[in-house]
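Trainee: The structure that follows is given in the form of structure tokens.
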Amino acid sequence: MIFDEERSKEEEQLLHVIRTTNIVETKMKRVIKAFISPAPNRSEFVLSCVLNNATMPFGAKVKVILAIAKHLSIKVDRNSFHILLSRRNAFAHQDHLESIRVIDDSENYPDVAFVVESIKGSGELETVTYTTAYHEFMAAYIKVDKSLDDLIKEIIENQ
């Protein structure tokens, strides 16, 4: 029973991570569109074709957001964008059958935990518990969301 409850909690967190990332991606599209300020008759084209998730992936949008922030001299936490994407990918692409591990807790007692894995830029395999990954994701989301709000505010105020 505890196993089922924990698995259900993990599934809720997975859904929340994916939905939250989609919200961030939508905000990034708004920032990019506001910054490039397309002509009204091309605005829909920019959103539906150029910034479409199938055309421009999340990582590419992050690069554009970072370039916009630099151009506007607005400080954003670059690492938070990367943590957000890394943790989202770890949740979304994990091997559910292999996600259960026996780990030592803080007092060195064995415990069963659900984990997510990701490959770092260095090629090193990183394994963290679901709880840790989720908390890191949420902390990064708070910073990313604020950065996007700051960018859109600056763009709108200076149009």
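Trainee: Students often forget the sequence filter, so: which lysines lie under 26 Å Cα-Cα from Lys61 once same-chain residues fewer than 8 apart are removed?
Mentor: Straight-line reach from Lys61, under 26 Å: Lys27, Lys29, Lys33, Lys70, Lys75, Lys120, Lys143, Lys146, Lys153.
Trainee: Taking neighbour counts of Cβ atoms within 10 Å as a proxy for exposure, in what order, fewest first, do Thr131, Thr21 appear?
Mentor: Thr131, Thr21
Trainee: Moving on. For the pair Leu47 and Thr131, what calculated FRET efficiency results from E = 1/(1 + (r/R0)^6), where r is the Cβ-Cβ distance and R0 = 35 Å, to the nearest 0.05?
Mentor: It comes out at approximately 0.45.
Trainee: What are the ³J(HN,Hα) couplings of the stretch 138-149, residue after residue, when phi is run through the Karplus curve with 6.51, -1.76, 1.60 and θ = phi - 60°? Round to Hz, x for glycine and proline.
Mentor: So the Karplus estimates, Gly and Pro as x, are 5, 5, 5, 4, 4, 5, 5, 4, 5, 4, 5, 4 Hz.
Trainee: Suppose the chain between Ile142 and His71 were pulled fully straight at 0.36 nm per residue; how much longer would it get relative to their current alpha carbon spacing?
Mentor: Gain on extension, Ile142 to His71, equals 23.3 nm.
Trainee: Report ³J(HN,Hα) in whole Hz for each residue of the stretch 28-37, in order, from the Karplus equation J = 6.51 cos²θ - 1.76 cosθ + 1.60 where θ = phi - 60°; Gly and Pro get x.
Mentor: Once rounded to whole Hz, the list reads 4, 4, 4, 4, 4, 4, 4, 5, 7, 6.
Only the coordinates and a few stated rules stand behind these numbers; no lab work does. A quick note: this is a predicted structure, and the numbers were derived from the prediction, not measured. FYI the Cβ positions are ideal-geometry reconstructions off the backbone, even for glycines, and counts take in every protein chain you see.
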